[in-house]
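Only one structure is covered here, and it is reproduced in the block below.
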Amino acid sequence: QRYQSQQTVTYYDSAITRQLQKEHELSDLFRNSIQNHDFQVYLQPKVCPYSGRIMGAEALVRWQHPKRGMIYPSEFIPLFERNGNICCLDNYMFEEVCALIARWIKNKQPVIPISVNLSRQHFKNPDLLPHLSEIARKYLVPDGVIELELTESVFFDDRRIEIVKGNIKTMHQLGFLCSLDDFGTGYSSLGLLKEFDIDTIKLDRKFAQDITNPKSQHILACIMELTKNLNIKTVAEGIETQEQLDCLKGLHCDLIQGYLYSKPLPIPEFEQWAESRLF
Ligand code: C2E
Ligand code: CA
Ligand code: CA
Ligand code: CA
């Protein structure tokens, strides 16, 4: 018995050690990887389910390391949120997206609206919005093309509601739209809609997974009616099946994002995908 529990402790210990080692390693690789452009923008289409046309895309980071291969966000975003690298990474992604939009404009290609994720740590930084605006101006990004995705935690973190409200107002003045990500996973998602000037909500993937449940459908129907009345756009995330799609169409959801249409794609493949589905 005693022997066994010691073994468990040893195993647990080495798992933590391995995890710490890995985090150390990733932290060390970060600077170089930013400089070498090892981080890449992948784009996942947002599609109007009634016309089948592409209406936007979400930028999602992929870490393509020359030695370690592809590293997914779940392996490094939580770490970078703790060690502060996330601000640098979000700025990098934002600039890559601005550069892409500038290229589309220069080549007279259609400009597809893109949303960029901002971590909560980052949103607390008072330099964030002036900095993003400077980058967007440098690339002559038109107003209304970039949407910033924020999670609910952003709105609770800072007890001073007025500051967050002010930030959203500034976001709008600078030409950015505001999207509430992972909607429905927190405690008072509905309250946020009343308090803050939000343009879009992104229904969390859990809604789609649970969509055959009549209770979930009632809740979704209420959310849809409410958002219509408040003039807020709805995007359903993580849609994988025709059944989920049919349900959401029945509920008049505005846009669909999920593997059913496309997984996140590298930019050239995304452009190809979008070509035949432009408005
Ligand atoms: P998120 O913002 O909620 O992004 C949606 C996630 O769902 C993405 O995972 C996407 O690939 C995945 N997804 C899309 N459609 C489907 C589907 O039909 N089925 C399933 N099972 N999954 C689907 P990904 O790319 O691994 O990103 C995970 C999370 O990492 C993101 O969740 C976001 O919170 C964070 N993240 C990604 N890129 C960035 C970034 O540039 N900055 C920041 N701050 N966070 C990022
Ligand atoms: Ca997101
Ligand atoms: Ca989400
Ligand atoms: Ca998420």
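For residue 21, what charge total do you get from the other residues with a beta carbon under 13 Å from its beta carbon, if Lys and Arg give +1 and Asp and Glu give -1? All intermediate terms of the calculation are to be shown ahead of the outcome.
Details: positive: 18, 22; negative: 13, 23, 25, 28.
Its environment carries a net charge of -2.
Need one number: % antiparallel among DSSP beta bridges in the chain, to the nearest 5. Write down the numbers at each step before the final one.
Values: 15 of 37 bridges.
Of the beta bridges lying entirely in the chain, close to 40 percent run antiparallel.
What's the percent breakdown of Cα-Cα distances in the stretch 1-125 across 5 Å bins, shortest bin first?
2, 9, 15, 17, 15, 12, 10, 7, 5, 4, 2, 1, 1, 0, 0
Can you send over the solvent-accessible area of residue 247, 1.4 Å probe, protein chains only, in Å² to the nearest 10?
Probe radius 1.4 Å; accessible area of residue 247 about 40 Å².
Comparing 110, 45, 66, which has the greatest mean-square fluctuation in the GNM of the chain with Cα pairs linked when under 10 Å apart?
Maximum fluctuation in the GNM of the chain, among the listed residues, is at 66.
Who wins for biggest fluctuation among 146, 201, 267 in a Gaussian network model of the chain, springs between alpha carbons below 10 Å?
Among 146, 201, 267, the largest GNM mean-square fluctuation belongs to 267.
When Lys and Arg each count +1 and Asp and Glu each count -1, what net charge do the other residues less than 12 Å away from residue 43, Cβ to Cβ, add up to? List each step's numbers first, then the result.
Working: positive: 46, 62, 263; negative: 58, 96, 269, 271.
So the surrounding residues net to -1.
In Å, what Rg and Dmax follow from the Cα atoms of the chain?
That works out to 20.3, 72 Å for Rg and Dmax.
Quote the convex hull volume per residue of the stretch 214-279, based on C-alpha atoms, as a whole number of Å³. List each step's numbers first, then the result.
Values: hull volume 6.6 nm³, N = 66.
It comes to 100 Å³ per residue, whole-number rounded.
Would you please name the trypsin sites (Lys or Arg not before Pro) within the stretch 137-232 that are DSSP coil residues with at most 16 other C-beta atoms within 10 Å of their C-beta? Before the final figure, lay out each step's value.
Details: sites: 137, 138, 159, 160, 165, 169, 194, 202, 205, 206, 215, 228; in loops: 159, 160.
Passing sites in the stretch 137-232 are 159, 160.
Quick one: which residues, 5+ away or cross-chain, put their amide H under 5 Å from the amide H of residue 240? H built at 1.01 Å from N.
The answer is 260.
Taking only the alpha-carbon atoms of the stretch 68-147, what semi-axes of the equivalent ellipsoid follow from 5 times the gyration tensor eigenvalues under a square root, in whole Å, largest first?
Working: eigenvalues 123, 54, 18 Å².
Each semi-axis is √(5λ); the values are 25, 16, 9 Å.
The values are calculated or read from the model by the stated rules, or taken from the named source; none is laboratory data. It should be emphasised that the depicted structure is a prediction, and the values quoted were computed from it without experimental measurement. Cβ coordinates were reconstructed from backbone atoms using ideal geometry, including for glycine residues, and neighbour counts include every protein chain displayed. These area figures cover heavy atoms from the full protein model, side chains too; ligands, DNA and RNA do not enter into them. Shrake-Rupley method; radii C 1.70, N 1.55, O 1.52, S 1.80 Å.
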